[in-house]
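The values are calculated or read from the model by the stated rules, or taken from the named source; none is laboratory data. Since we're looking at a predicted model, the values are computed, not measured. Glycine also receives a Cβ, built like all others from the backbone with ideal geometry; neighbour counts cover every protein chain displayed.
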Amino acid sequence: MDFKIYSPSYKRASGVKTHKVVPNVIYCVHEFEADKYIENGYKVKILPNEIRGNISRVRNYIKDNYISSKGIIIDDDIEKILQWTVVHGVPMQVPVLDLETFFHNGFTMCEEIGAKLWGVNILGDKGSYREYTPFGTTNTVSASFMGFLDNNLSFDETLPLKDDYDFCIQNLNTYRKILRYNAYSLVKKDHGNVGGCADYRSVEVEMEQLKLMQKKWGSKIVRNDLTQKGKKTKIFDINPVVKTPIKGV
C-alpha cells in the first residue's frame, strides 16, 4: 500500500481491537506505556509523553509527522467495518472482506472529486442509508475513521471532544467537500471503554465544547440536537447537528 493506517491508543494495551480487523494498523502510543503494546506484538509508533491528554494534539502529531501525502487515522477499538448490500433482494450489512481495495478506492475517488478528507457513515442503521445516495459530499465523518489526502488543515486543540465535527467544518469551508461512503460504517463501543478520551470526557465538558463550537462557527451551522424535544424526559445529545451552506449531497 502507498499509505499507512495509524491508530492513536491510550491506556488500552490489553484492550485494543482494530488490528484484528485491519492487520496493518500501527498503534500510536506514548513513551510511558509503549513497552506494554510492544510486548503484545503490536506494530507501534511512539509518541512523546508531553502531547498526551488531548486527542486533537495527538491526531495533529500523527498527521504532521507520519502522513506526508495520504494516510488513515482510525480508532483502536474497531470490531467490524460493515457495508450495506442486497442479499436475495433484502438489504443487509456484511463485513467488508477486501479492505485494501476499499481503502484504495476511497483515496482514488477522493482525488477524483477534489476532496481532501474521506470517511464512512457515522451511523450504521438502515434509516441512515439510502441506496440512491451512495455517497455524500457535505456530510460530516467521524474521527473514528478519517482518510487524509494532501490535507493541510489541523485539528483544533481547544476542541478535543468535538475535534472531528470541527475538522469537517474546516474541510467544507476550505475545500468545499468531503467524501463520505454512506453504505459503510463501523462497529465499536463508544461508551463504557476505559482509557482514550474516556479519561476526561463528561457531559459538562461536552456541553462546554459544544458552546465553544457554536461560538466559533455560529449556531446556524452548529446546532443542538433537538430530536428529543417534546418527550417527557429530555435527553442531552452530546453530538451536535452540523448544517453548512455548502451545496452538494
Could you figure out which of (1) more than 14 Å from the chain's Cα centre (by Cα); (2) at pLDDT 95 or above; (3) surrounded by 14 or more Cβ atoms within 10 Å (Cβ to Cβ); (4) closer than 30 Å to L97 by Cα isn't true of G195? (2)
Examine the stretch 171-187 for a residue that is surrounded by 17 or more Cβ atoms within 10 Å (Cβ to Cβ), touching a Cys at 6+ places or on another chain (Cβ under 7 Å), of a type in the set (G, A, S) and part of a strand (DSSP E or B), and state whether such a residue exists. no
Tell me, please, whether a residue that is more than 18 Å from the chain's Cα centre (by Cα) and within 24 Å of K177 (Cα to Cα) can be found in the stretch 54-67. no
Kindly establish whether H104 is free of Cβ contacts under 8 Å to residues at least 24 places away in the same chain and either surrounded by 21 or more Cβ atoms within 10 Å (Cβ to Cβ) or more than 19 Å from N173 (Cα to Cα) (or both). no
Write out, first by first residue and then by second, each pair whose Cβ atoms fall under 8 Å of each other, whose residues are 6+ apart or on separate chains, and whose first residue, in the stretch 141-165, is within 27 Å of E112 (Cβ to Cβ) while the second is part of a loop (DSSP other than H, G, I, E, B) and among the polar types (S, T, N, Q). L149/S69; D150/S69; D164/T140; D164/S142; D164/S144; Y165/T140; Y165/N239
Working only within the stretch 30-68, note down all residues that are under 20 Å from D2 (Cα atoms), out of contact with any Pro (no Cβ under 9 Å at 6 or more places or on another chain) and either aliphatic (A, V, I, L, M) or at pLDDT below 95 (or both). V44, I67, S68
Could you check the stretch 74-123 and list, in sequence order, the residues that are under 30 Å from K11 (Cβ atoms) and among the β-branched types (V, I, T)? I74, I78, I81, V96, V120, I122
